[in-house]
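To start, the structure under review is shown below, and the notes come after it.
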Amino acid sequence: MEHKENKTAVSMTVNGKHIQAEVLPETRLLDVLREELHLLGTKEGCSIGECGACTVLMNGRTVNACMVLAGSADGAEIMTIEGVCGPEGELHPIQQAFIDAGAVHCGFCTPGMIISTLSLLMKNPQPKDDQIQEALSGNLCRCTGYHQIFKAVRLASERMHRKE
Amino acid sequence: MQGTYVGKNCLRVDGYEKVTGKAVFSADFRMERQLYAKSVYAPKPHIRITAVNIEKALRIPGVAAVATSKNVPGANEMFGRFPAFADQEAKYTGDVIAVAAAETREAAEAAARAVEVEYEELEGLWSLDAAMQEGVSAVHPDVPDNEIEYTYFPLRKGDAEAGFLQSDTVMERSYFVGWQEQAYIEPESVVVSPASFHHGYDVYGCIQNPYTIRQNVASVMGLHQSEIRVVLTAVGGSFGGKDESVMNMAARCAVLAKMTGRPVRMDLTREESFRESSKRHPFRMNYRMGLAQDGTIKALQTKLTCQGGAYNNKAQFSNWRAVVHTAGPYRIENITADVHAKYTNTIYGGAYRGFSGPQVVFASETMVDEAAAELGMNPKDFRLHNVLREGDTIACGQLLKEGIIAAPLQKMIQELCGMADFDAKWNSFKEHNAQSKYLKKGIGLAVTYRGAGLGGEGVDCSSAMITICRDGSVQLFSGHTEMGQGMRTVHSQIAAEALGIDIKRIAFKHSDTSVTLDAGPTVASRGTQSGGRAVLHAALKLKDELLRGGEKKTGIPKEQLDVAGDSLVKQGGEVLCSFDDLVGYCVFPLGLNLSAQGWYSPGLSHIDPETQQGDCYQTYTNGVIITEITVDESTGKITVEKITIGYELGTAVNPDIAYGQLVGALAQGLGYALFEELEERNGELLSANFDEYLIPTTLDMPEVDFHLYGSENPEGPYGAKGIGELGIELIAPSIGNALYHAVGRRLRELPFNLERVKIGKALTR
């Protein structure tokens with residue numbers, strides 16, 4: 001139902017593009033991304049901040065987009081999986097590493113996993129195994145048993161380090 | 001076997017879409033003018049419905065229609081007694097009485113809330129133990145004893161009573177396991193639209209078994225199967241689960257699509273998914289084992305009772321699997337086993353990876369460990385003494401013979417226990433535990449064999465189609481479905497291997513029941529073993545046609561030609577022309593048909609219904625696990641430190657994908673063992689999301705030392721066996737056995753959560 005009278009304007013930068021949206025007080029960042037901007041790579045798995053499928057970067061930090069009200073993202077910089085590829089659509093080393101390590105099964109948790117990995121490697125380019133486990137502990141995967149994901153993170157870290 | 005593609009770690013063919021967020025899952029699939037649907041669930045788990053008033057709901061702005069059983073054009077009841085809409089009675093918490101469709105999600109939710117259901121509460125059968133009592137109420141009036149139809153199976157081998165008389169020791173134990181939720185990260189979602197170009201309806205969604213959905217939607221709509229088209233989106237995990245729930249959703253949305261003439265979508269919340277999707281069946285498992293003083297198992301009697309829930313369309317299959325596997329991989333000459341299933345007014349059991357395997361393997365591998373302890377034997381030595389070997393017959397009478405059905409377990413137990421240093425740790429942990437006040441270490445062993453494929457559960461037939469386009473590119477269709485397991489990649493490898501072409505030529509196409517051929521459900525680890533054979537069949541037919549074209553083109557007899565390395569070659573390897581040129585010549589001037597259907601069926605198994613003696617499965621896979629744990633006696637917390645595991649699976653078509661399947665299954669088994677528990681109270685589900693129902697995270701995974709064992713399987717494509725389920729079975733009993741080693745406490749119920757470990761029983765909230 002439309003409650004135009006309750007709507008407020010928010011603006012944010014999503015994947016480098018400035019956007020504006022009219023949102024209700026209860027509208028979540030996830031709804032803006034998926035329903036207004038049609039950025040469908042960010043997934044909804046549980047709606048209570050447990051599964052991490054909706055993980056995005058907000059001002060450089062990982063958040064569950066289902067737990068962030070759109071109003072509180074006003075003025076924020078957001079990065080979703082759609083912003084991870086290079087300008088010509090080339091894969092980021094993390095994305096390539098996920099493919100190469102067999103870390104992609106059904107693919108539903110993958111966008112959130114890649115965002116959490118990106119956040120980890122930005123802060124800590126050469127994480128130890130327990131740091132990888134800790135950094136991804138908010139992203140549930142039911143397919144892999146996680147070991148191939150750990151391998152992907154180590155592989156991405158090595159390749160990004162070599163490149164530098 | 002090692003080929004150009006088979007046996008190689010080819011990368012996933014659907015990896016790019018999935019790492020970029022471009023893969024279209026069901027919730028991402030949008031249609032013009034789509035309506036949003038919301039279900040009205042039973043307000044209490046067991047009620048007589050006296051009135052349903054939809055007037056208020058219809059007055060909510062944006063509401064297009066509200067459907068109840070009155071709007072169903074065909075049959076309201078689907079396979080397994082599932083009602084499209086509960087009518088006179090709701091039998092469990094997930095029954096749906098009405099569904100509202102509206103322009104927005106919010107309007108649909110408001111309308112669902114505004115539907116008024118008048119009802120009388122009824123007594124219910126809330127648990128398996130309640131249903132096992134005499135003289136209780138009937139969930140379905142025409143089934144007064146609540147025994148689910150066609151779920152009783154006896155297994156008889158030798159003479160169990162005589163075996164018990166020859167035994168020195170007879171032990172009786174009872175085991176129980178509860179529900180387990182598949183917990184795919186993508187909740188169910190479907191969109192149903194009036195068909196674009198013909199009479200009927202199109203169903204889109206995350207669906208495991210499209211032909212089952214087609215059959216049931218057709219029946220509810222009063223249409224023919226040919227008038228229903230089911231198209232898969234990307235599927236975000238299923239593990240057996242996206243079946244009954246999506247069938248019900250698709251049927252309800254189809255009714256609304258007919259009422260409104262518009263596409264209708266339904267996306268379940270996680271809570272709704274928990275409420276109305278199937279679960280792993282609970283089992284009560286009573287074991288009686290007769291033992292000779294030298295450690296030989298002389299006789300086994302088991303009585304297994306499965307909880308089916310309010311409706312059932314799977315226990316007749318999973319119960320058969322349960323009874324056939326109840327004895328475990330041991331040479332036991334005398335076996336009597338019986339399995340039953342009961343209706344209850346609760347959530348229902350269906351398919352979940354492993355089917356009934358994890359339940360009976362938990363019981364049998366705990367029982368075997370208890371037997372070893374009773375006799376004062378090392379559990380490894382006890383298993384080595386009794387485990388199946390070449391020349392033995394298994395519980396259903398099949399002979400183990402090299403080249404037909406492998407018997408690798410004795411060797412695997414010895415080798416893997418060696419790698420895990422089992423004997424040394426068995427002793428050193430005991431010494432450690434004598435010194436340590438709270439932190440105790442334990443090591444546990446478990447062993448399994450598992451019938452791969454459908455076997456006697458049903459008729460197994462698989463389909464595939466391959467079409468070579470004029471430019472030499474190749475389209476591959478399978479009657480089976482990709483849910484994340486890697487089937488598209490494995491099938492592409494098999495097709496590329498057989499055709500002798502570059503795998504990059506192959507585009508794996510969507511599952512669409514208007515195009516693909518009915519291959520039955522993608523279950524029972526049959527996607528590679530049986531589906532792969534159909535791909536191979538199609539590829540070999542096509543290759544024969546290509547070589548016929550090659551003979552015309554070159555004048556060389558086709559018996560001396562081959563397609564290899566993406567070229568037409570002469571025997572000996574001389575390249576005659578490129579694959580593109582060969583295809584071009586076959587198209588023009590020859591006009592050959594470069595399309596082929598593949599079909600594979602092993603045929604019916606021959607099994608005596610009174611004893612289950614017969615060729616139950618085409619082949620069996622095998623596994624051995626050694627698990628090391630630390631138990632904190634002050635809290636009851638179990639930490640799994642290390643797992644050494646070995647699986648025998650014939651040829652691994654793609655070893656990386658096989659590893660991913662087996663370790664992924666291991667993680668699900670870890671959750672089943674340690675913390676996955678669906679709490680209920682009088683039919684209400686108390687665990688309905690990932691805050692209450694915990695599944696393993698990155699922090700729960702132990703170190704895994706992983707080993708693959710090969711064997712010959714003449715039935716599988718390039719010797720492959722189905723392995724999707726094997727990995728989930730072993731970890732629960734191995735942790736229980738390690739716990740006993742660590743603290744001397746034997747737990748006979750799952751999960752081994754803090755309270756069970758600490759005080760030996762479950763607590764209720």
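If you scan region A:47-71, which residues turn out to be on the phi < 0 side of the Ramachandran plot and free of Cβ contacts under 8 Å to residues at least 24 places away in the same chain?
If we filter region A:47-71 for residues that are on the phi < 0 side of the Ramachandran plot, which is where we start, we get A:48, A:50-51, A:53-58, A:61-71.
Across region A:47-71, the qualifying residue is only A:I48.
List the number of the failed condition for B:E692; all other conditions in (1) charged (D, E, K, R); (2) touching a residue at least 12 places away in the same chain (Cβ under 8 Å); (3) more than 12 Å from B:E181 (Cβ to Cβ); (4) within 14 Å of another protein chain (Cβ to nearest Cβ) hold.
Result: B:E692 fails condition (3) only.
Being more than 18 Å from B:F85 (Cα to Cα) and not in a strand (DSSP E or B) is the filter here, so list the residues in region B:255-280 that pass it.
Let us first name the residues in region B:255-280 that are more than 18 Å from B:F85 (Cα to Cα), namely B:261-263, B:269-271, B:274, B:279-280.
B:G261, B:R262, B:P263, B:T269, B:R270, B:E271, B:F274 - these are the residues of region B:255-280 that are more than 18 Å from B:F85 (Cα to Cα) and not in a strand (DSSP E or B).
B:L11 versus (1) under 26 Å from the mean Cα position of the chain (by Cα); (2) away from chain A (no Cβ under 13 Å): which is the lone unmet condition?
Of (1) under 26 Å from the mean Cα position of the chain (by Cα); (2) away from chain A (no Cβ under 13 Å), only one is false for B:L11: (2).
Only residues that are out of contact with any Phe, Trp or Tyr (no Cβ under 6 Å at 6 or more places or on another chain), not charged (D, E, K, R) and not in a strand (DSSP E or B): list them for region B:105-118, please. Steps first, please.
Keep residues of region B:105-118 that are out of contact with any Phe, Trp or Tyr (no Cβ under 6 Å at 6 or more places or on another chain), which gives B:106-107, B:109-118.
Imposing the further condition that a residue be not charged (D, E, K, R) reduces the set to B:107, B:110-112, B:114-115, B:117.
If the condition is that a residue be out of contact with any Phe, Trp or Tyr (no Cβ under 6 Å at 6 or more places or on another chain), not charged (D, E, K, R) and not in a strand (DSSP E or B), then B:A107, B:A110, B:A111, B:A112, B:A114, B:V115 are the ones that fit.
Quick one: how many residues across region B:67-95 are surrounded by 21 or more Cβ atoms within 10 Å (Cβ to Cβ), in contact with an Asp or Glu (Cβ under 9 Å, 6 or more places away or on another chain) and not in a loop (DSSP other than H, G, I, E, B)?
Of the residues in that region, 1 qualify.
With respect to A:I99, is the statement that it is surrounded by fewer than 24 Cβ atoms within 10 Å (Cβ to Cβ) and β-branched (V, I, T) true? Full working, then the answer.
On the way: surrounded by fewer than 24 Cβ atoms within 10 Å (Cβ to Cβ): yes; β-branched (V, I, T): yes.
The answer is yes for A:I99.
Can you find a residue in region B:128-141 that is among the β-branched types (V, I, T), surrounded by fewer than 15 Cβ atoms within 10 Å (Cβ to Cβ) and either within 29 Å of the chain's Cα centre (by Cα) or under 20 Å from B:W179 (Cα atoms) (or both)? Steps first, please.
Step one: of region B:128-141, the residues among the β-branched types (V, I, T) are B:136, B:139.
Filter again for surrounded by fewer than 15 Cβ atoms within 10 Å (Cβ to Cβ), leaving none.
No, because not a single residue in region B:128-141 is among the β-branched types (V, I, T), surrounded by fewer than 15 Cβ atoms within 10 Å (Cβ to Cβ) and either within 29 Å of the chain's Cα centre (by Cα) or under 20 Å from B:W179 (Cα atoms) (or both).
Taking the options B:V19, B:V63, B:V96, name whichever one is within 14 Å of chain A (Cβ to nearest Cβ) and either basic (K, R) or in contact (Cβ under 8 Å) with a residue 40 or more places away in the chain (or both). Working first, answer last.
On the way: B:V19 fails: either basic (K, R) or in contact (Cβ under 8 Å) with a residue 40 or more places away in the chain (or both); B:V96 fails: within 14 Å of chain A (Cβ to nearest Cβ).
Just a single option satisfies the conditions, and that option is B:V63.
Since B:R48 meets every condition but one in (1) out of contact with any Gly (no Cβ under 6 Å at 6 or more places or on another chain); (2) free of Cβ contacts under 8 Å to residues at least 60 places away in the same chain, which condition does it not meet?
In the conditions (1) out of contact with any Gly (no Cβ under 6 Å at 6 or more places or on another chain); (2) free of Cβ contacts under 8 Å to residues at least 60 places away in the same chain, B:R48 misses (2) alone.
Looking at B:E628, is it modelled with pLDDT of 95 or more, of a type in the set (D, E) and not in a strand (DSSP E or B)?
Details: modelled with pLDDT of 95 or more: yes; of a type in the set (D, E): yes; not in a strand (DSSP E or B): no.
Judged against the criteria, B:E628 is not a match.
Among the residues of region B:267-293, write down those that are polar (S, T, N, Q) and surrounded by 23 or more Cβ atoms within 10 Å (Cβ to Cβ).
Residues of region B:267-293 that are polar (S, T, N, Q), as a first pass: B:269, B:273, B:277-278, B:286, B:293.
Across region B:267-293, the qualifying residues are B:S273, B:S277, B:S278.
Within region A:72-95, which residues are within 30 Å of B:V490 (Cα to Cα) and touching a residue at least 40 places away in the same chain (Cβ under 8 Å)?
A:I81, A:E82, A:P93, A:I94
Quick one: is B:V663 assigned to a loop (DSSP other than H, G, I, E, B), within 14 Å of chain A (Cβ to nearest Cβ), closer than 22 Å to B:V6 by Cα and not small (G, A, S)? Even if it seems obvious, please write down each step before you answer.
Details: assigned to a loop (DSSP other than H, G, I, E, B): no; within 14 Å of chain A (Cβ to nearest Cβ): yes; closer than 22 Å to B:V6 by Cα: yes; not small (G, A, S): yes.
The answer is no for B:V663.
Quick check on region A:96-117: of everything there that is in contact (Cβ under 8 Å) with a residue 60 or more places away in the chain and within 7 Å of chain B (Cβ to nearest Cβ), which residue is nearest to the chain's Cα centre (by Cα)?
The extreme case among them is A:P111.
Out of the residues in region A:46-57 that are under 14 Å from A:I115 (Cβ atoms) and at the interface with another protein chain (Cβ under 7 Å from one of its Cβ atoms), state the one that is surrounded by the most Cβ atoms within 10 Å (Cβ to Cβ).
We begin by selecting, within region A:46-57, every residue under 14 Å from A:I115 (Cβ atoms); these are A:51-57.
Filter once more, keeping what is at the interface with another protein chain (Cβ under 7 Å from one of its Cβ atoms): A:51, A:53.
Values: A:C51: 30, A:A53: 28.
Among residues in region A:46-57 that are under 14 Å from A:I115 (Cβ atoms) and at the interface with another protein chain (Cβ under 7 Å from one of its Cβ atoms), the one surrounded by the most Cβ atoms within 10 Å (Cβ to Cβ) is A:C51.
Filter region B:15-25 down to residues that are assigned to a loop (DSSP other than H, G, I, E, B) and surrounded by 22 or more Cβ atoms within 10 Å (Cβ to Cβ), then give me how many there are.
Counting residues in region B:15-25 that are assigned to a loop (DSSP other than H, G, I, E, B) and surrounded by 22 or more Cβ atoms within 10 Å (Cβ to Cβ) gives 2.
Residue by residue, here is whether (1) without any contact (Cβ under 8 Å) to a residue 40 or more places away in the chain; (2) more than 30 Å from B:L409 (Cβ to Cβ) holds:
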{"site": "B:Y449", "(1), (2)": "no, no"}
{"site": "B:M465", "(1), (2)": "no, yes"}
{"site": "B:S473", "(1), (2)": "yes, yes"}
{"site": "B:L476", "(1), (2)": "no, yes"}
{"site": "B:V490", "(1), (2)": "no, no"}
{"site": "B:A498", "(1), (2)": "no, yes"}
{"site": "B:I501", "(1), (2)": "no, yes"}
{"site": "B:D512", "(1), (2)": "no, yes"}
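Would a scan of region B:590-606 turn up a residue that is farther than 23 Å from B:I466 by Cα and touching a Phe, Trp or Tyr at 6+ places or on another chain (Cβ under 8 Å)?
yes
Output yes when any residue across region B:423-431 is of a type in the set (G, A, S) and in contact with a helix residue (DSSP H, G or I) (Cβ under 6 Å, 6 or more places away or on another chain), and no when none is. Don't jump to the end; show me each part of the working.
At the first step, the residues of region B:423-431 found to be of a type in the set (G, A, S) are B:424, B:428.
From what's left, in contact with a helix residue (DSSP H, G or I) (Cβ under 6 Å, 6 or more places away or on another chain): none.
No: region B:423-431 contains no residue that is of a type in the set (G, A, S) and in contact with a helix residue (DSSP H, G or I) (Cβ under 6 Å, 6 or more places away or on another chain).
The values are calculated or read from the model by the stated rules, or taken from the named source; none is laboratory data. A quick note: this is a predicted structure, and the numbers were derived from the prediction, not measured. Glycine also receives a Cβ, built like all others from the backbone with ideal geometry; neighbour counts cover every protein chain displayed.
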